[in-house]
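A.B. asks: Okay, handing you the structure first.
Any read-out appearing in this document is the output of simple, stated calculations on the displayed coordinates, not a laboratory observation. For clarity, every value in this text was computed on a predicted model and none was experimentally measured. As a convention, Cβ positions derive from the backbone with ideal geometry for all residues, glycine included, and neighbour counts pool all protein chains shown.
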Ligand SMILES: C[S@@+](CC[C@H](N)C(=O)[O-])C[C@H]1O[C@@H](n2cnc3c(N)ncnc32)[C@H](O)[C@@H]1O
């Protein structure tokens, strides 16, 4: 499974950012800002962004923690990481990027104030293991922040489902040449535990003293925040 996921992201890597921008109408930037805000990161914080892809959330964190802070972005797909260092340099931000599997991080215990993952946990083989691993590298009292799609309901939910099942694969396919990757996205987003069901996964991880779900845009996405025991 993880080999297929890595290959899929490798095939869309060079077109990922432009497709993201178009399909989200730029809204992903606001969601990332919410994740940074809710993480409690501040000037000087040490932050790990797992499954960072092309690094957008890592860069948003670096803007927050400043020159005295440290941000490390990791991903298990080298092709997704390829453009990240140049993006950081262009923005004048110093961020370290490493190839790492979010379920088996080779980073020391308690070495970060915050660990984050955006639109990545839905893709890992074992989300509970990933939540445990992220908590392991965060100091007690620090936070783990997850940004992930939800399943909005009602008339807006119906509109969103139409958009994600019909428009996303069509546009994503045109822009990347990989329509299947943009069918995978709504399929996995529709099946992945959202809201209280994701909080249950956080409970199963057994690593958090508190956890909360913050819906964004009528539940189109959520920021989940866990305080590490
Ligand atoms: C939809 S992209 C999200 C990228 C980025 N976080 C963002 O918000 O734009 C999902 C990313 O998760 C990465 N990924 C999936 N499973 C992973 C794992 N087990 N360890 C590390 N990265 C993983 C993929 O390579 C891909 O870059």
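A.B. asks: How far apart, in nanometres, would the label points at residue 167 and residue 217 be if each is projected 7 angstrom from Cα along the Cα-to-Cβ direction?
C.D. replies: 0.9 nm
A.B. asks: How much of the pair distance distribution for the range 70-197 lies past 19 Å, counting alpha-carbon pairs only, in percent? Please report the intermediate quantities before stating the final value.
C.D. replies: Working: 4854 of 8128 pairs.
Value for the range 70-197 (Cα pairs over 19 Å): 60 percent.
A.B. asks: Can you compute the equivalent ellipsoid semi-axes for the chain, i.e. the square root of 5 times each eigenvalue of the Cα gyration tensor, sorted largest first and rounded to whole Å?
C.D. replies: So the three semi-axes of the chain are 25, 21, 16 Å.
A.B. asks: Find the relative contact order for the chain and round it to a whole percent, using C-alpha pairs within less than 8 Å whose residues are 6+ positions apart.
C.D. replies: Once divided by the residue count of the chain, the mean separation gives 20 percent.
A.B. asks: Any idea how far apart residue 139 and residue 25 come out in nm if each label point goes 7 Å out from Cα toward Cβ?
C.D. replies: 4.2 nm
A.B. asks: In terms of the ratio Rg/(2.2 N^0.38 Å) built on C-alpha atoms, what value belongs to the range 147-196?
C.D. replies: Cα Rg divided by the expected 2.2 N^0.38 Å: 1.17.
A.B. asks: Show that you can apply the helix-only estimate: for the chain, add -39,500 (n - 2.57) for every DSSP H stretch of four or more residues, divide by all residues, and state [θ] at 222 nm to the nearest 500. Let's see the in-between values first.
C.D. replies: Working: 11 runs with 104 residues, N = 229.
My calculation for the chain gives -13000 deg cm²/dmol from helical runs alone.
A.B. asks: Can you tell me the order of 2-9, 58-65 when each peptide is scored by its average per-residue count of other Cβ atoms within 10 angstrom, highest first?
C.D. replies: Details: 2-9: 14.6, 58-65: 22.6.
Listed from highest to lowest mean packing, they are 58-65, 2-9.
A.B. asks: How much length is gained on full extension from residue 11 to residue 43, taking 0.36 nm per residue of separation minus their Cα-Cα distance?
C.D. replies: 7.9 nm
A.B. asks: Can you tell me the mean projection area, over all orientations, of the convex hull of the range 2-121's alpha carbons? Units nm², please.
C.D. replies: So the Cα hull casts an average projection of 7.1 nm².
A.B. asks: If you take the alpha carbon radius of gyration of the range 22-88 and divide it by 2.2 N^0.38 Å, what ratio comes out, to two decimals?
C.D. replies: So the Cα radius of gyration is 1.09 times the expected 2.2 N^0.38 Å.
A.B. asks: So if the hydrodynamic radius of the range 1-44 is defined as the Kirkwood radius over C-alpha pairs, what does Stokes-Einstein give as its diffusion coefficient at 20 °C and 1.002 mPa s, in µm² per second?
C.D. replies: Numbers: Rh = 12.6 Å.
Calculated translational D: 170 µm²/s.
A.B. asks: In addition: For a quick protection proxy, order the peptides 125-132, 15-22, 140-147, 50-57 by their average other-Cβ count within 10 Å, most packed first.
C.D. replies: Put in order of decreasing packing, that is 50-57, 140-147, 125-132, 15-22.
A.B. asks: Now a separate question. Along the three principal axes, how long is the range 164-229 when you take its alpha carbons, biggest first, rounded to the nearest angstrom?
C.D. replies: 45, 22, 17
A.B. asks: What whole-number distance in Å separates the alpha-carbon centres of the range 105-129 and the range 155-213?
C.D. replies: Their Cα centres are 18 Å away from one another.
A.B. asks: Among the DSSP beta bridges whose two residues both lie in the chain, what percent are antiparallel, rounded to the nearest 5? Before the final figure, lay out the partial values.
C.D. replies: Working: 15 of 33 bridges.
Around 45 percent antiparallel, to the nearest 5.
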